[in-house]
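**Student:** After the structure tokens below, expect a handful of questions from me.
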Amino acid sequence: MLFRSPDGSTVTAFDWVHGAFLHVVLVSPDLTRFEHVHPEVQPDGMWVLTAPDDHEWHVVFESTPTGADAPVIVTAHFAAKDPSSSVPAADLPALNSTATVTAADGTRLVVDLRTTDTGLQFTITTSTGSPAEGLEAYLEQPAHLVVFRVDDLAYVHLHPTSEIGDPVVTYMGALPADPTYRLFLQFMYRGEVPTVPYTFAT
């Protein structure tokens, strides 16, 4: 695949932003499956994206061509090669403000989401309630938060104001008042990147 500038020329130079030249987010149309990957861009601007499987994916490409004033976001839809093999749409998971993930070392992490006067806050603890230790930088940030609006798959990629290693991850600014969002929080814990999903209503 290639990016082209408005004059039709191939874009070959990108800025390194948050640990990558190119961020690609894949989400299933029902918002139950999620991937965040970083294809390698070749010197001629070519890059290859391999989908996790042959089923349907809504794809968001985010990059900053060198010299651009802001990131460029492009969306696409990959359909199943064999329509008969498509995964049936699942029901949107129920609203939740707490999610639990199990790390590779067996530690169960509990991540609580709450709204504040200034935005969103995630608190990462162990199953015993102790603040999580061993949090590391992920793509040069304490965490990454990807948000999709359920109605139209509108997308935003947010970075926190908190410090790397802080088990309280804070995002400034409220989401627009719309019915429902699907949130995917990612952070590094002892060398592993958990993905923590939420269904959130403003």
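**Student:** If you average the C-alpha positions of the stretch 1-76 and of the stretch 87-141 separately, how far apart do those two centres end up, in angstrom?
**Tutor:** 26
**Student:** Considering amide H positions built from the backbone, and no H for Pro or chain starts, which residues 5 or more places from residue 126, or on another chain, come under 5 Å of its amide H?
**Tutor:** The answer is 110, 132.
**Student:** Taking every pair of alpha-carbon atoms in the stretch 122-202, give the share separated by more than 14 Å as a whole percent.
**Tutor:** Working: 2023 of 3240 pairs.
In whole percent, the share of Cα-Cα pairs in the stretch 122-202 beyond 14 Å is 62.
**Student:** Just to confirm a number: summing +1 for Lys and Arg and -1 for Asp and Glu over residues other than residue 121 whose beta-carbon lies under 9 angstrom from that of residue 121, what do you get? Let's see the in-between values first.
**Tutor:** Numbers: positive: 114; negative: 112.
That sum, taken over residues with Cβ under 9 Å, equals 0.
**Student:** Another one. From the gyration tensor of the Cα coordinates in the stretch 98-152, what semi-axes in whole Å does the equivalent ellipsoid have, largest first, with each one equal to sqrt(5λ)?
**Tutor:** Details: eigenvalues 97, 42, 34 Å².
Computed over the stretch 98-152, the values are 22, 14, 13 Å.
**Student:** Give me the extension gain from residue 104 to residue 66: residue separation times 0.36 nm, minus the current Cα-Cα distance, reported in nm with one decimal. Don't skip to the end; give the middle numbers.
**Tutor:** Details: separation 38, 0.36 × 38 = 13.68 nm, distance 3.75 nm.
Computed gain between residue 104 and residue 66 is 9.9 nm.
**Student:** State the Kirkwood hydrodynamic radius of the chain in Å, one decimal place, computed from all pairs of distinct Cα atoms. Mind dumping the intermediate values first?
**Tutor:** Details: mean 1/r = 0.0547 Å⁻¹.
About 18.3 Å, per the Kirkwood formula over Cα pairs.
The numbers here are math on the coordinates, done by the rules we state, and not lab data. Keep in mind that this is a model prediction, so the values were computed, not measured. Neighbour counts are summed over all protein chains in view; Cβ atoms, including those assigned to glycine, are modelled from backbone coordinates with ideal geometry.
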